[in-house]
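Note sheet for the following structure.
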Amino acid sequence: MMYETIVRAWLERQISASAGERRRRLLERHDFAEKLFLKKVWWPAVGHFEHLHAEYEATDFLDGIRFLDFAYLRPPHKIALEIDGFGPHARDADRRTFADGLMRQNHLILDGWKVIRFSLDDVKDKPRQCQQFIQQMLGRWYGGQSGTLDDLPLKEREILRLAAYSPDSIGVSDVCALAGIKDRHARALLKQLCAQGMLLPDKGVQRVHSYRLSPVAAKLFS
């Protein structure tokens, strides 16, 4: 339940921030392979979607444009993540298309991208191996830290992520459903995050009914 809530909010935020071809791709093409990668590989390995962008429009050093399945944009690196299926399209690609794909990847690398490719078969049949690779990648390039909220307890991190990716303010019932906790515990966590300056009251005067991310916390997700 927690995964479905967070991934849906993350994807809705991606769609609302996009336009043109990227928006069309998110609505129409972001489908089986990408969703399977998120659920079976990225989420178990990382536990959040900070810095991850779906159907990312990238421009290479020759001003060529391509859409990446995912881009992980966290300084100092730009990481392209591609999921390749061995279907009819892959089998029937002509030599020119095959060569063009390789050259476009080379252009991305020259422009500073690190390109990581997974086969759809491995995502489906060997998800643990893919998870381990993602964790090793983050450990090698980011010193073992997979996010920017590591100093907070797990439940508080998840509440902030929910607030960051939700199109609306969040309430006590949202936190109860997310963390599997009771009303009193949820209220205490929300009040604590407000006291820390991470959340702001959004609705309610004498009794707060909903909360939104503070500008300070928003910077952690930019």
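Just a few scattered comments:
- Some residue of region 213-222 being crowded, with 17+ Cβ neighbours inside 10 Å, over 23 Å from the mean Cα position of the chain (by Cα) and either at pLDDT 90 or above or within 14 Å of L152 (Cβ to Cβ) (or both): no
Yes/no matrix, rows are residues, columns are (1) part of a helix (DSSP H, G or I); (2) without any contact (Cβ under 8 Å) to a residue 40 or more places away in the chain; (3) β-branched (V, I, T); (4) surrounded by 17 or more Cβ atoms within 10 Å (Cβ to Cβ):
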{"residue": "I6", "(1), (2), (3), (4)": "yes, no, yes, yes"}
{"residue": "W10", "(1), (2), (3), (4)": "yes, no, no, yes"}
{"residue": "R22", "(1), (2), (3), (4)": "yes, no, no, yes"}
{"residue": "L26", "(1), (2), (3), (4)": "yes, yes, no, yes"}
{"residue": "H30", "(1), (2), (3), (4)": "no, yes, no, yes"}
{"residue": "A33", "(1), (2), (3), (4)": "yes, no, no, yes"}
{"residue": "L38", "(1), (2), (3), (4)": "yes, yes, no, yes"}
{"residue": "W42", "(1), (2), (3), (4)": "yes, no, no, yes"}
{"residue": "A45", "(1), (2), (3), (4)": "yes, no, no, yes"}
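- Total residues in region 124-134, condition surrounded by 15 or more Cβ atoms within 10 Å (Cβ to Cβ) and closer than 19 Å to H48 by Cβ: 5
- Complete set of residues in region 165-177 that are at pLDDT 90 or above, in a helix (DSSP H, G or I) and crowded, with 19+ Cβ neighbours inside 10 Å: V172, D174, V175
- Any chance R117 is under 15 Å from D69 (Cβ atoms), surrounded by 14 or more Cβ atoms within 10 Å (Cβ to Cβ) and not hydroxyl-bearing (S, T, Y): no
- Out of D60, D31, D92, D84, sole residue that is under 24 Å from I109 (Cα atoms) and at pLDDT below 85: D60
- Of all residues in region 134-159 being among the acidic types (D, E) and either at pLDDT 80 or above or assigned to a helix (DSSP H, G or I) (or both), the one that is farthest from the chain's Cα centre (by Cα): E156
- Some residue of region 197-209 being part of a helix (DSSP H, G or I) and modelled with pLDDT under 85: no
- Checked against (1) in contact with a Gly (Cβ under 7 Å, 6 or more places away or on another chain); (2) over 23 Å from L108 (Cα atoms), A17 passes all but condition (1).
- Verdict on E21 being farther than 16 Å from E158 by Cα, more than 16 Å from the chain's Cα centre (by Cα) and among the acidic types (D, E): yes
The values are calculated or read from the model by the stated rules, or taken from the named source; none is laboratory data. This structure is a prediction, so every number in the text was calculated from the model and none was measured. Cβ coordinates were reconstructed from backbone atoms using ideal geometry, including for glycine residues, and neighbour counts include every protein chain displayed.
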